[in-house]
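Bear in mind these aren't lab numbers, they're just calculated from the coordinates by the rules spelled out. Everything quoted here is computed from the prediction, not taken from an experiment. Here the Cβ positions follow ideal geometry from the backbone for every residue, glycine too, while neighbour counts run over all protein chains shown.
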Amino acid sequence: MLTLRILILSVFLILSSPALSTTPPQRLIQENRILKSEYQLVRSSVFYLFFNLVDNRIQLKSRGFPLKDFPIINYKIMGAPIPPKALSIKKKASLFKPKQVKIKPQKNIEENDSEIPALEVNDMPSRYRLDLDGGVHLYIRPIYRNRILNLINLFSSLKTYGITLPMGTLLGVLKNKTYTEVTLYLAQEDAKALYWVGREGTPCLIFSP
């Protein structure tokens with residue numbers, strides 16, 4: 001009941017906003033669809049990711065309440081429009097994957113006081129791709145403190161325009177499927193943290209302009 005009241009209050013605030021008269025009808029329809037999709041996620045999923053490209057932020061949410069914010073520094077959308085519905089993460093792809101920790105069994109457990117090694121957020125990659133349902137692909141790109149390293153993002157953009165986007169669109173047409181590519185630029189620390197929380201199977205909502 002509390003979650004339902006929160007969603008009803010959110011809709012009321014949107015409809016009663018002074019900016020309503022200047023908001024395009026198509027935007028209102030899209031916001032309404034996003035609210036309905038999020039309400040369904042609140043009822044069915046414990047955790048989900050909300051990519052709010054309008055407000056330039058990504059939120060990890062639980063039952064409608066934000067747990068963690070990841071500011072979006074910049075973004076690019078190419079390809080087919082993104083549907084305003086839940087899209088699950090099918091696959092995470094990165095050039096350098098986190099190393100798997102292998103635990104060797106000990107003969108005498110009582111005499112072994114060593115701690116079990118664990119992966120931390122800093123061990124996660126900062127450049128990777130999240131493949132979602134419906135042919136939506138999220139390319140996460142870090143903004144480095146070193147400007148020279150940011151040239152990698154420039155070369156990556158050239159590859160997108162010249163290779164991945166044309167090929168993805170062509171394959172989508174041949175398979176009668178849509179293809180959408182979204183490039184998100186985040187701080188390096190936030191990119192690693194997003195990889196940590198974005199597990200395969202995690203539902204995602206994308207609110208695009």
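Which part of segment 127-143 falls in the paramagnetic zone of Lys91, meaning amide N under 17 Å from the point 7 Å along Cα-to-beta-carbon?
Output list for this probe position: 128-140.
Please turn the phi angles of segment 59-73 into ³J(HN,Hα) values with the Karplus equation 6.51 cos²θ - 1.76 cosθ + 1.60 (θ = phi - 60°), one per residue in order, whole Hz, x for glycine and proline.
Result, ordered by residue: 10, 8, 10, 9, 6, x, 9, x, 9, 8, 10, 10, x, 9, 6 Hz.
Which links in Lys36/Lys90; Lys36/Lys97; Lys61/Lys177; Lys61/Lys192; Lys36/Lys192 stretch past 26 Å when you go from one Cα to the other?
Too far apart for the 26 Å limit: Lys36/Lys97; Lys61/Lys177; Lys36/Lys192.
Could you please rank Ser62, Ser44, placing first whichever residue has the fewest other Cβ atoms within 10 Å of its Cβ?
Final ranking by Cβ density, sparse to dense: Ser44, Ser62.
I'd like to compare 134-144, 31-41: which one has the highest average count of other Cβ atoms within 10 Å, and what's the full order after that?
134-144, 31-41
Fewest first, what order do Phe51, Phe70, Phe96 take by the number of other Cβ atoms within 10 Å?
Ordered by Cβ neighbours within 10 Å, fewest first: Phe96, Phe70, Phe51.
Loop-only GluC sites (Glu not before Pro) in segment 176-205, please: DSSP not H, G, I, E or B, and at most 11 other Cβ atoms within 10 Å.
Glu200
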